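See structure below.
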Amino acid sequence: MEPLAAAARELLLVALEDLSQEQLKRFCHKLRDAPLDGRSIPRGRLEGSDAVDLAEQLIHFYGPELALEVARKTLKRADVRDVAAQLKEQQLQRLGPRSSALLSASEYKKKYREHVLRQHAKVKERNARSVKISKRFTKVLIAPETLEHRTLGPAEEPEPERARRSDTHTFNRLFSRDAEGQRPLTVVLQGPAGIGKTMAAKKILYDWAAGKLYHGQVDFAFFMPCRELLERSGTCSLADLILEQCPDRSAPVPQILAQAERLLFILDGVEELPAPGPSEAVPCTDPLEAASGARVLGGLLSKVLLPAARLLVTTRAAAPGRLQGRLCSPQCAEVCGFSDKDKKKYFYKFFRDERRAEQAYRFVKENETLFSLCFVPFVCWIVCTVLRQQLELGQDLSRTSKTTTAVYLLFVASFLSSAPAADGPQLQDELRKLCRLACEGVLGRRAQFSQKDLERLELLHSQVQTPFLSKKELPGVLETEVTYQFIDQSFQEFFAALSYLLEDEGSPRAPAGGVGALLRGDAEPRCHLALTTRFLFGLLSAERMRDIERHLGCSVSKRVKQDVLRWVQEQGQGCPRAGPEGTKETQALQGAEEPEEEEDEELSYPLELLYCLYETQEEAFVRQALRGLPELALERVHFSRMDLAVLSYCIRCCPVGQALRLDSCRLAIRQEKKKKSLVKRLQGSLGGSASRATVRKPLGSPLRPLCEAMVDQQCGLSSLTLSHCKLPDSVCGDLSEALRKAPALTELGLLHNGLSEAGLRALSEGLAWPECQVQTLRLTSVELSERSLQELQAVGTAKPGLVITHEALGSRPKPPEGFDSAL
């Protein structure tokens, strides 16, 4: 670089010294006011600069070759074209054609951006209908993931992270500098299936090409679907992959790669990347080396391949073990789906016809459970698709169901019901074969199928091929390779679950190993089966089985339900907690958000199991299943509203003797960051705190759904332990109300929790209630004031059967009589 810099400095000096004072002044003015790609030398550095200073500033700020290009263009804008022509001629004589190639890369940017705008102006929906991305894209909520939270006082409400809507400002902030001034080179967009990660990534690419994002920072952006890259045959280099995305074969790829710090790679779906095997141990380090897709992706993720390039990564899993070691200092953000406001926008964009949009939206809005499911964009698309068909056929909208499994099943039934009745037997046979294909793929971790796969199962040109399988053409070595995949990966997982009910175990067409292969496999390979497992539970309810027989015309295997029930009960019989992992992969389809956890730790398996039980919506089955799980322990869960809804439903159905322990759980719910209107801001600033206090309505605590479930007369919860959880006064208030009415709760444990005096007073009032059934209250590492001790003593005196244990802390007074001091 030094010889090149010296040559460039000499060329710039010769050109600039030929300028008069007036021309030099005009050159500085144009250089300041016409930045290249958004970058320009700060004004203060240009004032009073002579030719020597200007040459140094240009070399230092832009680098030698780009400095020559900037100088030439600025000379032209300053109307000194003869000097600009001389500089170009001398540059070619001195440096040769080498720098001309770099200039072609710079000039190629515009052509590439225009190509990206054309290629990505439309996106294909799952039913192969193309829509404009600018018309269909609806903003989703994106929340930053923080690893540390400040310590809260005993009565202080924990403040939830604020989720921002995915506008241009939010997308630009993804690569913003942190508190230490460091800019991340790897950003991870994480979230469960169907939450909108891929659409957000495509919108980022489109907005970059339109000049709205990363202006002056990114010259070239490339979108790489990991699944396609991993399943393509043969080897390829990163340079080949870049060339495939360019509008022609003359793209200056070596020069593009030479400025890696100006590149953005969007890697969509990196959860598809398998754990490194012996042949994949060494990731690719050379962009020109032909390697497998896994090695190329591994090199990019681990920053040994183009370490200066920016990466935007989407993944279902929240920092799973196999990715944690690959990523280099990632900054994470969670895609949280639609806000209520954006659900409505999506309906109106989907239907286009305002009358039908209003009709469909009003129906869904009145169905509280269905409306809550629609925060997941893919579920929202399914609901809209089904409602549109029902409106077109004049059918009753009330058929639309309330669980994710039911919505998927209705979507499938709506397509199959349009076939002639005479085709029924053939259609049922094709559906079984489609389910078998899906199950083979899920168990074998395959998402793409060859034409031979379809021919083997007689699915090629079948009636189920068009609505549920999409055809893709991939460039092969000698000829174009045709592959097929399900319209969405979640549909493959749904059909895989359905296969267990449509085929009797032991028949030659049944999935290999039966349902046990799905439920009892090794833990590490099974994380990709979590969504299939949840769908299986949803299909086991009596109502769903009737729907399958009525709408699909297929008989179902009844023994699968007993096998699954037996497996759930086994989980509480001293067996290791190795169940259908993947809470982090599958939460979106019912609304769960990612729980807080330390690095490399597994997420709460019991919560995923509760999601499976919730999906059945069958109280008797849930109660019977929980008999095998006498204690439910949830650790380090950052509860979302849906998490609490699921937990509350299962607790409402639990048998007598059930114990629940929440350990180190965060009870604050992530909220959307909302912008106040100008009128509201003015009202707030003029009205003062008193006026705001009159308008603000008191909100229930995040634990209210659970407290409401505890007072249900069918609830058998006998023991509740809250350990290392922040318990603000609002939570204590709701818990106090539950203590008064809970029919079976006999034991309450509060361990290492921050409690205010007001919170303890509320709990004391609940315990003192005549109908309160609690017989044991355990307080561990809880600060008790003199007044709180007196209040608890009064409760103990009024209720002789109540045993209260606590620890004496520091120099606290000796506990009053009637207390059992556990030291």
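The values are calculated or read from the model by the stated rules, or taken from the named source; none is laboratory data. Note that the structure is predicted; figures quoted are calculated from it, not measured. Every residue, glycine as well, gets a Cβ built from its backbone with ideal geometry; the counts of neighbours run over all protein chains shown. Side chains included, ligands, DNA and RNA excluded: accessible areas come from the protein's heavy atoms. Shrake-Rupley method; radii C 1.70, N 1.55, O 1.52, S 1.80 Å.
Things worth noting here:
- Output for region 168-194, where each listed residue is over 23 Å from Phe222 (Cβ atoms) and assigned to a loop (DSSP other than H, G, I, E, B): Arg177, Asp178, Ala179, Glu180, Gly181, Gln182, Pro192, Ala193, Gly194
- Where helices (runs of 4 or more DSSP H) sit wholly within region 485-587, those with at least 2 residues that are modelled with pLDDT of 70 or more and open to solvent by less than 30 Å² (accessible area, probe 1.4 Å) occupy 489-502, 514-519, 530-539, 542-547, 559-570.
- Once region 428-450 is narrowed to residues that are in contact (Cβ under 8 Å) with a residue 60 or more places away in the chain and open to solvent by less than 30 Å² (accessible area, probe 1.4 Å), the residue that is farthest from Thr483 (Cα to Cα) is Leu431.
- Any chance Arg627 is at pLDDT 90 or above and over 30 Å from the mean Cα position of the chain (by Cα): yes
- Filtering region 451-472 to residues that are assigned to a strand (DSSP E or B) and open to solvent by 30 Å² or more (accessible area, probe 1.4 Å) leaves Ser470, Lys471, Lys472.
- Of the residues making up region 173-212, those that are buried (at least 20 other Cβ atoms within 10 Å of the Cβ) and of a type in the set (S, T, N, Q) are Thr186, Gln190, Thr198.
- With respect to the conditions (1) modelled with pLDDT of 85 or more; (2) open to solvent by less than 60 Å² (accessible area, probe 1.4 Å), Lys139 falls short on a single one, namely (2).
- Test result for Met224, part of a helix (DSSP H, G or I), under 19 Å from the mean Cα position of the chain (by Cα) and within 23 Å of Lys472 (Cβ to Cβ): no
- Criterion: at pLDDT below 80 and under 30 Å from Ile242 (Cα atoms) - qualifying residue of Glu69, Glu114, Glu65: Glu65
Here's the yes/no breakdown for (1) in contact with a strand residue (DSSP E or B) (Cβ under 6 Å, 6 or more places away or on another chain); (2) touching a residue at least 12 places away in the same chain (Cβ under 8 Å):
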| position | (1), (2) |
| --- | --- |
| Pro770 | no, no |
| Leu777 | yes, yes |
| Leu784 | no, yes |
| Arg787 | no, yes |
| Ala794 | no, yes |
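- Residue check, His215 open to solvent by 20 Å² or more (accessible area, probe 1.4 Å), within 29 Å of Val379 (Cβ to Cβ) and at pLDDT below 90: no
- As a summary of the residue check, Asp207 satisfies the conditions (1) free of Cβ contacts under 8 Å to residues at least 40 places away in the same chain; (2) in a loop (DSSP other than H, G, I, E, B) except for the one numbered (2).
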